[in-house]
Every structure is written in structure tokens, then in C-alpha cells.
Amino acid sequence: MIRKILFSSLIAVSLLILGTKVSPLKKSKADSKTEIARNKLVAEHIHDELNLVVEKPIIITQTICVDELLKNALKNEKSVSEKDMEALISSYLNSIKEQFGYTAVFVISEKTRRYYTPQGIAKIVNPEVDPYDDWYRFFIDSKEPYKLDTDRNEMYNYRWTVYVNARVTDVDGTLLGVCGVGVLMDELQEIVTAAEKRYGFKVNLINTEGLVQVDSNSNNIESVYISDALKDDASNAAFTYNKNSSDGYRMTRYMSNLDWFLVVQTFSTSVINSGNTIFVIALYVLLSLALLLSLTLIWKAPVHVESQGSELTDSLTGLPNRNYLHESYGEQGIFNTTRYKSLAMFDIDSFKTITEKRDGNKILLGIVDSMKNCVNERGIIFRWADDKFMIFLEMDISEAESKITELCAQIKSALNVTLSVGIVKVDLSESIKTNYHRAVKLCHSVKAEGGNGVFVEK
């Protein structure tokens with residue numbers, strides 16, 4: 001009886017709220033065009049501010065890469081002593097640093113792989129030894145004249161930095177090296193945070209895969225995806241305007257000079273114009289809480305409290321994601337157990353092309369089911385990106401190769417989808433990131449040979 005009375009009360013209050021909010025909602029529809037225009041105007045303002053900050057280092061980097069002094073220095077590098085060359089290029093970089101105020105300014109020689117900074121030679125770039133150096137090979141292979149890259153700055157306590165990397169070439173196109181300027185993330189975060197507080201929007205810069213590159217929350221950088229924004233087909237000309245998954249709106253614009261997308265999201269479309277509405281809503285919330293508390297006390301039912309870990313799992317597959325790995329092991333984390341013997345990195349071949357004709361979510365869920373059957377509680381599966389997965393395996397590398405090869409064959413047969421996979425033996429003396437990069441390199445090697453294969457580190 002008490003339960004019925006409580007439910008009846010809750011329904012009555014709900015109907016009262018619906019009646020009270022009819023007028024504001026009607027006004028919201030009438031004002032929707034004005035609201036959209038206002039939101040787009042705000043988004044344009046944010047776009048201009050961010051573009052101004054990033055455009056400057058792009059121009060500076062493009063100026064450095066065509067500087068004849070630098071080109072001649074790199075061409076004649078081996079005919080000059082290392083000490084003299086270090087003094088020459090460091091002095092050159094220091095003048096740029098002092099003139100423009102950028103902390104991270106560098107030049108890497110293709111001949112010697114010396115990493116020159118204003119302070120001198122910081123290191124010898126070698127992706128085989130240091131996984132942080134993989135970016136150099138990836139950038140060279142991209143053939144792009146310049147490219148933005150968000151990464152940890154090794155020289156400054158691994159602070160997040162947006163780098164503008166540019167190729168330095170001779171007149172005949174011969175690669176002499178790479179130069180770059182880095183903007184510490186703090187500067188971009190100041191703009192983003194101020195805009196979010198002032199306008200109540202969420203602001204992000206994402207790459208062409210949807211991976212967040214700039215966020216007011218550093219934990220989201222290079223770990224969270226806003227994949228829905230890629231479906232907006234945004235151009236460089238203006239912002240698109242679409243509904244997002246939170247009953248708000250998402251505005252997306254492609255920034256061609258960055259090769260990134262600016263995503264500005266609102267999370268409330270209702271327009272509240274009267275004190276009465278606010279009062280009624282507040283009253284409704286209080287009554288609802290009181291009623292729910294009463295129901296809880298009467299039923300004595302256990303309450304499931306969703307922890308902050310909800311952001312540590314992938315919403316589609318339920319698998320742990322990058323955030324989980326970061327939270328569990330830390331940025332410089334190492335394996336804290338000897339149970340994992342192998343690490344495998346998976347990439348679905350031609351996934352974007354496949355999803356143009358087929359249900360991508362159905363394919364992903366099918367692959368995950370197959371992976372779970374393969375692992376059979378002898379490992380942990382991560383959804384690393386849209387079409388990428390990583391598995392820590394409690395199997396030695398030979399058993400892992402056999403199991404993964406069989407898995408790929410099953411997936412190809414059942415789903416008509418192929419995978420590129422790299423498998424490495426876990427080295428407990430190395431960081432997880434180092435082990436991961438070794439597997440990624442093998443995965444990329446499979447991709448380079450056309451995909452549909454499993455490469456194992458020898």
C-alpha cells in the first residue's frame with residue numbers, strides 16, 4: 001500500500017513538472033534558430049583563438065625548414081666536428097627560442113639522427129631503442145611536408161606538448177632532417193578551459209581518427225575518442241550542427257592547416273526563462289530524492305553505485321580501454337605481475353571501408369566474442385581504438401602465436417574480416433609502453449605487406 005502511494009505521488013509531481021515546462025519548451029523551439037546562430041558564433045570565436053595560437057608555430061616551423069643556414073649546416077654535418085656542429089645549431093635554435101618564446105625548438109639530422117636543442121644535443125634518435133622516437137619514422141613515412149603531433153615532452157618532465165614537425169629537404173628533395181616547434185599544452189588548455197567556463201560548452205581538438213589531442217582535462221588527451229564527430233563530414237568552411245548523445249548539440253569544423261577537427265559541444269537545449277520553472281524543477285528533484293530514499297528504506301534493496309570507473313570501459317564492448325590501463329599502471333607504468341607472458345596488438349584491415357557497407361558495431365562485437373573465447377580467461381583484452389585491440393596474454397609466445405593465428409582464421413571465416421596482428425614476448429624490465437610499441441611495429445609491418453597476418457617478434 002505504501003509503495004503504491006509513493007509511486008502515485010511521484011507520477012503526480014512528474015505531471016506537474018510537464019505542465020509547468022510546456023511554455024518554456026515552446027519558447028525554446030521558437031528561439032532555436034537564434035540559439036543555433038549564437039552557438040555557432042561562440043564556436044567561431046573559439047576557433048579563431050585556437051587557430052591563432054597554433055598558426056604561429058606552423059609559420060615559424062615552415063620558415064625554419066627552408067632556412068639556407070640550417071640546410072647547409074645539415075648537408076656539411078659530417079665534415080664538421082660534433083662539438084662545433086652542436087654549438088652552431090644550438091646557437092641557431094636558441095635565437096629562435098628567444099625571439100618567439102617557444103621552449104621546445106629542435107632539429108633532427110637524418111644523417112646522424114642527432115637531436116639538437118637550444119641546450120645542445122639531447123639524444124640520438126633511435127626508434128629501436130626508445131619507443132618515444134617512433135614518431136620520427138612515422139612522420140618521415142607520411143611524406144607530409146609538416147604535421148602536428150601531440151606527445152609527451154621528454155625534455156620537460158613528459159609534459160603534454162603539441163609539436164609542429166616539418167621536413168627539411170635539399171633542392172632536389174633529399175631529406176636532410178626534421179625541425180619543429182612545440183607548444184606546451186598549458187597554453188591551449190588555458191583557452192579551452194576559459195571558453196568552457198564562460199560558455200558552458202565542451203571544447204576539443206581531435207585528429208582524423210577521432211582521438212582527442214587537446215582537452216581541458218589532461219587525462220583525456222591521447223586516450224579518449226570522439227568518433228561521432230567524424231560522421232559530421234565537417235569542412236574547413238564552417239561548423240556543422242548536429243545532435244549529440246547527451247541531448248545537446250555538437251558543432252564540428254575541420255581545420256585544414258592542423259589536419260584536426262575542432263569539436264564544440266553543448267549539453268543542454270532547454271531554455272529556462274522563469275523563476276517559477278527553476279523553483280518547480282528544484283522542488284521536483286527534492287521530492288524525487290525523498291521518494292526514492294523512502295522506497296529504498298522500505299524495500300531495503302541493495303543500491304548499485306556506479307563508480308568513476310565507468311569511463312574506464314568501452315561503452316560498446318564493455319572492455320577496458322586506454323583510460324583503464326593508464327589508471328591501473330600509470331603513464332610510465334610497468335607490469336606489476338609476472339602472469340602476462342605475451343602482448344598482442346590487433347588492427348582490423350580496411351575497417352573504414354568495410355563499415356561503409358556493413359554494420360561496424362556488429363563486426364566489432366563479433367570479433368570481441370571470438371577474442372574472449374580464444375583468451376578464455378587467460379588474459380585481458382583492451383579496446384585500444386575504433387578498430388584496434390590489445391591483449392595481455394598468460395601464454396608464452398609460441399602458444400600465443402598458435403592461438404592468435406587460429407583466432408584470425410575463425411574471424412575471417414565467420415565475419416569475412418581480416419586482422420593484422422603483432423605479438424611480442426613481454427619484457428618485465430621494460431615499461432608497458434615499450435612492450436606495446438614493439439607489438440605496434442610488428443602490426444604495422446603486417447599492414448605494410450597487405451594485412452591479414454600475424455607477425456611474431458623473433
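The values are calculated or read from the model by the stated rules, or taken from the named source; none is laboratory data. Bear in mind the structure is a predicted one, so any value in this text is a computation, not a measurement. Positions of Cβ are generated from backbone atoms using ideal geometry, with glycine treated the same way; all protein chains shown enter the neighbour counts. Remember, those area values only see protein heavy atoms, side chains included, never the ligands or the DNA or RNA. Shrake-Rupley method; radii C 1.70, N 1.55, O 1.52, S 1.80 Å.
Between ASP259 and ASN376, the FRET efficiency from the beta-carbon distance, with R0 = 41 Å, is close to 0.50. Taking all protein chains together and a 1.4 Å probe, the residues SER32, SER245 rank SER245, SER32 from largest to smallest accessible area. The alpha-carbon positions of region 311-452 define a convex hull whose volume is 103 Å³ per residue. With the whole protein complex present, ARG322 retains an accessible surface near 40 Å², based on a 1.4 Å probe. Computed 3J(HN,Hα) for region 190-198, one whole-Hz value per residue from the Karplus formula 6.51 cos²θ - 1.76 cosθ + 1.60 where θ = phi - 60°, is 4, 5, 5, 5, 4, 5, 5, 5, 6, glycine and proline marked x. Gap in Å between the Cα centre of region 106-152 and the Cα centre of region 351-369? Taking the Cα centre of each part, region 351-369 and region 106-152 sit 35 Å apart.
Per residue, the Cα convex hull of region 402-458 amounts to 80 Å³. If R0 equals 51 Å, the separation of the Cβ atoms of ASP359 and LEU41 corresponds to a calculated FRET efficiency of about 0.85. Excluding same-chain neighbours fewer than eight residues apart, the aspartates and glutamates reachable from LYS71 by a Cα-Cα span under 19 Å are GLU82, ASP84, GLU86, GLU110, GLU144, ASP170, ASP172.
Extending 7 Å from the Cα toward the beta-carbon at both VAL171 and ALA409 defines two label points whose distance is 5.9 nm. Look at the alpha carbon pairs under 8 Å that are at least 6 residues apart: their mean separation over the length of region 320-396 gives a relative contact order of 46 percent. Amide H contacts under 5 Å for THR169: LEU176, restricted to partners 5 or more places along the chain or on a different chain, H placed in the peptide plane at 1.01 Å from N. Distance between the pseudo-spin-label points of SER445 and ASP427 (7 Å out from Cα toward the beta carbon): 1.4 nm. Of the listed residues LEU69, LEU176, LEU312, the order by accessible area with a 1.4 Å probe, largest first, is LEU69, LEU312, LEU176. Here's the list of aspartates and glutamates a cross-link from LYS412 could span, going by alpha-carbon distance under 17 Å and ignoring same-chain residues fewer than 8 apart: ASP347, ASP349, ASP359, ASP369, ASP387, GLU401.
Taking Cα centre as origin and charging only the Cβ of basic (Lys, Arg, +1) and acidic (Asp, Glu, -1) residues, the dipole magnitude of region 114-229 rounds to 280 debye. Put simply, the amide H of MET395, placed in the peptide plane, has neighbours under 5 Å in LYS341, SER342, leaving out anything fewer than 5 places away on its chain. Spin-label pair LYS143-ASN94: with each label point 7 Å from Cα along the Cα-Cβ axis, the two points sit 4.0 nm from one another.
For ASP314, the amide hydrogen comes within under 5 Å of the amide hydrogens of LEU319, ASN321, counting only partners 5 or more places away or on other chains and with H modelled in the peptide plane. Shown in residue order for region 406-419 are the 3J(HN,Hα) couplings computed by the Karplus curve 6.51 cos²θ - 1.76 cosθ + 1.60 at θ = phi - 60°: 5, 4, 4, 5, 5, 5, 5, 6, 7, 10, 6, 10, 10, 10 Hz (x for Gly and Pro). Among the GluC sites (Glu not before Pro) in region 350-458, those located in a DSSP loop and surrounded by at most 12 other Cβ atoms within 10 Å of their own Cβ are GLU356, GLU377, GLU449. Relative to one another, the C-alpha centroids of region 35-66 and region 394-414 are positioned 47 Å apart. For region 375-458, the solvent-accessible area works out to 44 Å² per residue, with a probe of 1.4 Å and every protein chain left in place.
At an R0 of 41 angstrom, the distance between the Cβ atoms of GLU68 and ILE334 translates into a FRET efficiency of 0.35.
Applying the Karplus relation 6.51 cos²θ - 1.76 cosθ + 1.60 with θ = phi - 60° to region 348-364 yields 3J(HN,Hα) values of 6, 6, 6, 5, 4, 5, 4, 6, 5, 10, 10, 6, x, 5, 5, 5, 4 Hz, where x marks Gly and Pro.
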